[in-house]
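Comments concern the structure below.
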Amino acid sequence: MRFSKAYIALFGLLFTAFAVVFNTFPRSTFSELEKRELAIFPEFTPEKLFDGSFTSEVSSWFSDSEPFRDRFMWLSMQVKDLIRLNTGEEHITFHAAEPDTSDNLEDLADIGELTDQEDLNNLTDSTYNYENHVTADEIAKIANAGIIIVGSGGNVRALMAYGGSGKGCTGYAEAANKYKETFPDVHVYCMVIPTSVEYYCPEKMRKRTNPQRPTIDNVIHHLSPDVKPVDIYETLGKHASEDIFLRTDHHWAPLGAYYAAEKFAQVAGVPFRDLSNYDRKVVHGYVGSMYGYSKDISIKEAPEDFVYYVPRDVTYTTTYIDYTIDKDYRVIGMGRPYKSIFFYKYKDGSGGAYCTFMGSDTRITHVKTSTHNGRRLMILKDSFGNALPGYLFYSFEDIFVIDSRYFTKNMVDYVNENRITDILFANNIFKAYSRHTYSNYVKFLTQTNGIQKPKRSAQPTDSLPAPAEPATTPVARPDSTSSL
């Protein structure tokens, strides 16, 4: 009986402690671990109360913004790392974690399922067209959301498996063709950016991911003869032993974007300068998005250097127009143009270092350079494309940067008003595969200027199931005096 009373008292104290923490301590508003803003308390309206959405949103806010959220998640990762299941002969560990299907995994997971067996049977060894000499023999394990964790210690790397088909991504090519048809006097280019899994997946794990070369070939095959492909697949492969992809983040590294920009400049026939013309900057101790997505503590314990390059001997001014978005990442407002910096500074250890370039996705960017050659480039991109413009200040007189998710102007008017001479489609392969991406590009051509009030019941239009580029790159949170 004494044991029972002590047992009850102990759990009573624990329950009371949790009640005090969750109900009285300040609630979290931003998760560095998940790289996103957390839910806010919903606005009350009688309509939302009667249809039940208010109480549902309150419940979501309460569970999403608990005090010390990141610390609890870190503790959970530590425990899960100790509880491993099904360790096979190849040292492949299957974690107990269930796949995360939150909205934060939307963009890079539009292709979450492997293609059907018929497609897989049609693949041959030559289809891969790239032989991994970097991590081919490394140990690997599957973490949360199907993410492949390769290696151990300070060299661990997280990879997002690719499930697309060699017959897919045709819509992306058709969108580029549509732009060439609409703007016959403008040079149009199409760059599909491979992701790190293509170059660093151990051979023993190849069955967990599909090859990306067939999809890229399919895009190139469907491009109009007047649209110029920028095929960077082999370009990146030649430099795979260098730090061209981040180990702890789903993005490529700025060095990978440099080699891609060099290839694009060759295709476009514009000047390009090598890295000797740039100042090398480093953010030490960087841990990117794959820590939160994989829920694997080994990523947290293997920080890396985030290295980027700032051009010298060229002057430039950067003008932004910011969008205001709601909790569902829909545009609800647009600001006035203002000038600011292009490269934002982050302290060592900051998880937001990829926002170095332009600070955020939720804006239109215009860079005016001291290069005078009459060439004016517009880049249509996702967050992978953020790292490209900084290498092209020597190549173009003006550079305009537009994200596939946030643009409310009429594209025909925008291209004509800004006298665009070159348009580059630059999306990572997951985004290029998404119907939402290429349908947005086509919609931009005919939409009316201005903010259109979104319908509350709007549903995503992606063609494939969404289980990780985040739905948006986080708004810049500089740790120094740099600010928006």
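Just one of the listed residues (Ile148, Ile220) is touching a strand residue (DSSP E or B) at 6+ places or on another chain (Cβ under 6 Å) and modelled with pLDDT of 95 or more, namely Ile220.
Condition first: in contact with a Cys (Cβ under 6 Å, 6 or more places away or on another chain) and either more than 18 Å from Ala387 (Cα to Cα) or in a helix (DSSP H, G or I) (or both). Can you find one or more residues in segment 274-294 that meet it? Scanning segment 274-294 turns up no residue that is in contact with a Cys (Cβ under 6 Å, 6 or more places away or on another chain) and either more than 18 Å from Ala387 (Cα to Cα) or in a helix (DSSP H, G or I) (or both). For segment 208-244, residues that are out of contact with any Leu (no Cβ under 8 Å at 6 or more places or on another chain), outside any loop (DSSP other than H, G, I, E, B) and not charged (D, E, K, R) total 12. Would you say Ala161 is among the aliphatic types (A, V, I, L, M) and outside the structural domain of Asn440 (by TED's automatic domain parsing)? Taking the combined requirement at face value, the residue does not satisfy it.
Please enumerate the residues belonging to segment 135-157 that are in a strand (DSSP E or B) and either in contact with a Pro (Cβ under 8 Å, 6 or more places away or on another chain) or under 27 Å from Asn218 (Cα atoms) (or both).
Result: Ala140, Ile148, Val150.
Kindly check whether there is at least one residue in segment 313-330 that is assigned to a strand (DSSP E or B) and at pLDDT below 90. Within segment 313-330, one or more residues are assigned to a strand (DSSP E or B) and at pLDDT below 90. Scanning segment 245-273 for residues that are in a loop (DSSP other than H, G, I, E, B) and among the hydroxyl-bearing types (Ser, Thr, Tyr) turns up just one, Thr248.
Does Tyr293 qualify as being assigned by TED's automatic domain parsing to the domain that holds Ile379 and either among the small types (Gly, Ala, Ser) or in contact with a helix residue (DSSP H, G or I) (Cβ under 7 Å, 6 or more places away or on another chain) (or both)? In short, yes.
For segment 330-363, the set of residues classified as among the acidic types (Asp, Glu) and surrounded by fewer than 22 Cβ atoms within 10 Å (Cβ to Cβ) consists of Asp348 only.
The values are calculated or read from the model by the stated rules, or taken from the named source; none is laboratory data. Bear in mind the structure is a predicted one, so any value in this text is a computation, not a measurement. In this analysis, Cβ positions are derived from the backbone assuming ideal geometry, glycine residues included, and neighbour counts consider all displayed protein chains.
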